[in-house]
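Structure, as structure tokens:
The values are calculated or read from the model by the stated rules, or taken from the named source; none is laboratory data. Since this is a predicted model, take the numbers as computed values, not measurements. Virtual Cβ from ideal backbone geometry, glycine too; neighbours counted across all protein chains shown.
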Amino acid sequence: MARKRMTDEQWELIGDIFPPPAKTGRPPVDRRNVVDGIFWMTRAGAAWRDLPTEFGKWGTVWDLFDTWNRDGTLDKILNRLRSANFDLNNGENSLWCVDGTIVRAARCAAGGGKKGIPMNLLTTH
């Protein structure tokens with residue numbers, strides 16, 4: 001069982017964003033489970049194929065993530081959850097920023113130069 005799933009109150013805030021499922025075609029997947037899976041992925045930073053099976057098929061979750069990212073549904077979800085969190089005075093600015101300690105950069109990005117043959121200034125001039 002994954003930790004930190006959405007509460008019922010959180011789901012009530014965003015449940016009306018999703019259109020009702022079509023009456024034809026494949027049976028619909030549980031949208032709450034998909035949203036929990038997307039949140040798990042963003043917290044864990046794992047590969048999509050490593051998504052726990054309790055959230056459904058990873059391909060389905062990824063497809064919906066990609067679709068919702070393109071059409072703005074994820075923005076609506078996050079905006080509603082953020083506003084509810086800030087209205088309760090639980091909001092902290094540190095929750096909504098990227099931690100720069102995990103960003104990797106090449107050595108040359110900091111001016112350190114690339115590995116190679118060190119040049120002797122006496123022989124090159």
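Six or more apart or on different chains, Cβ atoms under 8 Å: show the pairs whose first residue is in region 11-38 and touching a residue at least 24 places away in the same chain (Cβ under 8 Å) and whose second is surrounded by fewer than 16 Cβ atoms within 10 Å (Cβ to Cβ) and of a type in the set (K, R).
L13/R80; I14/K76; I14/R80; I17/K76; I17/R80
For P52, are the conditions met, namely being in contact with a Pro (Cβ under 6 Å, 6 or more places away or on another chain) and not aromatic (F, W, Y)?
On the way: in contact with a Pro (Cβ under 6 Å, 6 or more places away or on another chain): no; not aromatic (F, W, Y): yes.
In short, no.
Which of the residues belonging to region 68-90 are at pLDDT 90 or above and crowded, with 16+ Cβ neighbours inside 10 Å?
If the condition is that a residue be at pLDDT 90 or above and crowded, with 16+ Cβ neighbours inside 10 Å, then W68, T73, L74, I77 are the ones that fit.
In region 39-56, which residues are free of Cβ contacts under 8 Å to residues at least 24 places away in the same chain and of a type outside the set (S, T, Y)?
Here is the first cut: in region 39-56, the residues free of Cβ contacts under 8 Å to residues at least 24 places away in the same chain are 42, 44-51, 53.
Scanning region 39-56 gives A44, G45, A46, A47, W48, R49, D50, L51.
Any residue at all in region 96-109 that is outside any loop (DSSP other than H, G, I, E, B) and either at positive phi or modelled with pLDDT of 80 or more (or both)? Walk me through how you get there before you give the answer.
Narrowing region 96-109 to residues outside any loop (DSSP other than H, G, I, E, B): 96, 100-102, 107-109.
When the remaining residues are screened for being either at positive phi or modelled with pLDDT of 80 or more (or both), the result is none.
No, region 96-109 has no match at all.
Could you please find all residues in region 25-67 being in a helix (DSSP H, G or I) and exposed (fewer than 12 other Cβ atoms within 10 Å of the Cβ)? I'd like the intermediate steps shown before the answer.
Going residue by residue through region 25-67, those that are in a helix (DSSP H, G or I) are 31-44, 48-50, 53-55, 58-67.
Those that are in a helix (DSSP H, G or I) and exposed (fewer than 12 other Cβ atoms within 10 Å of the Cβ): T42, R43, R49, D50, T53, G59, D66, T67.
Please determine, by comparing only the residues of region 1-10 that are part of a loop (DSSP other than H, G, I, E, B) and either in contact with a strand residue (DSSP E or B) (Cβ under 9 Å, 6 or more places away or on another chain) or in contact (Cβ under 8 Å) with a residue 40 or more places away in the chain (or both), which one is surrounded by the most Cβ atoms within 10 Å (Cβ to Cβ).
The selected residue is A2.
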